[in-house]
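What follows is a single structure, written as structure tokens, with notes after it.
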Amino acid sequence: MQIHVVQPGDTLWRISQAYGVNLNELVSSNEIPNPDRLVVGQTIVIPILGSYHWVTRGETLSQISERYGVSLEELVRINQISNPQNIPVGLRLYIPQKSRPAVDVSAYIDPKITGAQSTEVIDQVAEHLTFLTVFQYSINRDGTLDPVPNDQPLINAAYAHRTVPLMVVTNFEEGTFTTELATAFFTDENLQDQILDEAIRIMIEKGYLGLDFDIEYVGSQNRERYNQFLRKARRRVKEHNFFLSTALAPKLSGEQQGVLYEGHDYPAHGRIVDFIFFMTYEWGWSGGPPMAVSPINQVRGVLEYALSVVPRNKVMMGIPLYGYDWTLPYEPGGRRARSISPQQAIELAARYNAAIQYDTESQAPFFTYTDEQNRRHEVWFEDARSIQAKFNLVKELGIRGFFYWVLGRSFPQNWLLVQDNFVVRKRV
């Protein structure tokens, strides 16, 4: 497929004519929320196999061949070019689709977000998923797990699409991750055994096929305790041939300081678990200043460190399915940013006639607008370009795959690009 960036004067009809695609298909495949009022800088994924290139002044066919990694002979044959040495400016060349690597793709789902539409959300995207990671079973101090209410339909929906359901266990207490609960858990062997017994019982009863530990704010004091627990957990889950994974904070080095980072031992987890969800997002977050949620330069740094200590086939890159709308001026401790979907970001830009800009360093779109109360806003989100940049990084690094936080926020262009870039492995 091809990504078109809306320019001044563009209309959907003109775009459909330029690429030779049906206008209704263009609207429906992208679920364009503003078909009659496109925004400058908005991206539209063109639903074609391969892509098009329009020849510019001074370009040669050999340069175009090298740019797209397609042989000169193939370009000549496919486009029926009679004189390869003299191609006219403006000629539309068809570029065939490249081979697609196979990857694992996962997505977290939190029924608190998706609610009654949880199974519908799964049905819409699970063909593009290897794993469905169901958030969350919280550890209780009495050895029980606080369950995900009515998760059986979610598990059944995953199976209907040959998607592996994973059970997420967290140290979530009173609405937040807590170091205190992590310490209580990692220093009590009996509590650990009770939780593992309970988790495996639930997995067998409900049909989960893997166990994902999302234990956050662990603290340096619990680093080796966490490793020891994972070794025990691995022995237990492998008796049932279950997958074992962890979700880890984004670190740029092994010495990174802070309670969020110090307890997560990349090399040890890389030796113990089957794969790791590296949470490469939340640089831009609701309580911080406006910036990209998942800037590609930071994501690359995390993955390059991870690959120096973790096997390549265990690395899963995190991708956010959301952005933030900040009210300006930003003040530490002040008004928190509002979480929005990529579709909502486009709707906001259309409503306030705001041109979308693109930051090339972070590879992320953003725009500003003024609301009805004369308050300035800054919005950072994901679009087709930022997702393609992340997919290019996945292919460049040759890692196992990627995952999403979190389902329930509409982003149809993402799933078009998954299909265009990869073959999604199915493991059930």
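For region 340-428, state which GluC sites (Glu not before Pro) are in a DSSP loop and have at most 12 other beta carbons lying within 10 Å of their beta carbon. Hits after loop and neighbour filter: Glu361, Glu372. In this structure, the amide hydrogen of Leu248, modeled 1.01 Å from its nitrogen in the peptide plane, lies closer than 5 angstrom to those of Phe277, Phe278, Met279, counting only residues at least 5 positions away or on a different chain. Shown in residue order for region 366-382 are the 3J(HN,Hα) couplings computed by the Karplus curve 6.51 cos²θ - 1.76 cosθ + 1.60 at θ = phi - 60°: 7, 7, 10, 7, 10, 7, 5, 8, 6, 9, 7, 10, 10, 10, 10, 7, 10 Hz (x for Gly and Pro). For Ile319, the residues whose modelled amide H falls within less than 5 Å of its own, excluding neighbours fewer than 5 places apart on the same chain, are Phe403, Tyr404, Trp405. Converting phi to 3J(HN,Hα) with the Karplus coefficients 6.51, -1.76 and 1.60 and the offset θ = phi - 60°, region 281-286 yields 7, 6, 5, x, 9, 4 Hz in sequence order, with x at every glycine or proline. Net charge in the neighbourhood of Ala389 (other residues with Cβ under 15 Å of its Cβ; Lys, Arg +1, Asp, Glu -1) is -2.
Loop-located trypsin sites (Lys or Arg not before Pro) across region 1-71 with a Cβ neighbour count of 16 or fewer within 10 Å are Arg37, Arg57, with loop assigned by DSSP. Its Cα centre serving as origin, the chain has a Cβ charge dipole (Lys and Arg +1, Asp and Glu -1) of approximately 1120 debye. For region 105-167, the list of trypsin sites (Lys or Arg not before Pro) that fall in a loop by DSSP and count at most 12 other C-beta atoms within 10 angstrom reads Arg141. Helix 342-351 and the longest principal axis of the C-alpha atoms of the chain enclose an angle of approximately 50°.
Karplus-based coupling profile of region 22-39, in residue order and whole Hz: 5, 4, 5, 5, 4, 5, 6, 5, 8, 6, 4, x, 10, x, 9, 8, 4, 10, with θ = phi - 60° in 6.51 cos²θ - 1.76 cosθ + 1.60 and x standing for Gly or Pro. Between the residues Gln85, Asn34, Gln63, the greatest Cα displacement towards the positive end of the dipole of region 2-95, with unit charges on the Cβ of Lys, Arg, Asp and Glu, is found for Gln85. Contact order for the chain, expressed relative to its length and based on alpha carbon pairs under 8 Å spaced 6+ residues apart, stands at 18 percent. For Leu93, the residues whose amide H sits under 5 Å from its own are His53, Trp54, Val55, ignoring neighbours fewer than 5 places away on the same chain, with H placed 1.01 Å from N.
Relative contact order of region 2-95: 32 percent, from C-alpha pairs under 8 Å at least 6 residues apart in sequence.
Values in this text are rule-based calculations from the coordinates and carry no lab data. Here the structure is a predicted model, which means the values were calculated and not measured. Cβ coordinates were reconstructed from backbone atoms using ideal geometry, including for glycine residues, and neighbour counts include every protein chain displayed.
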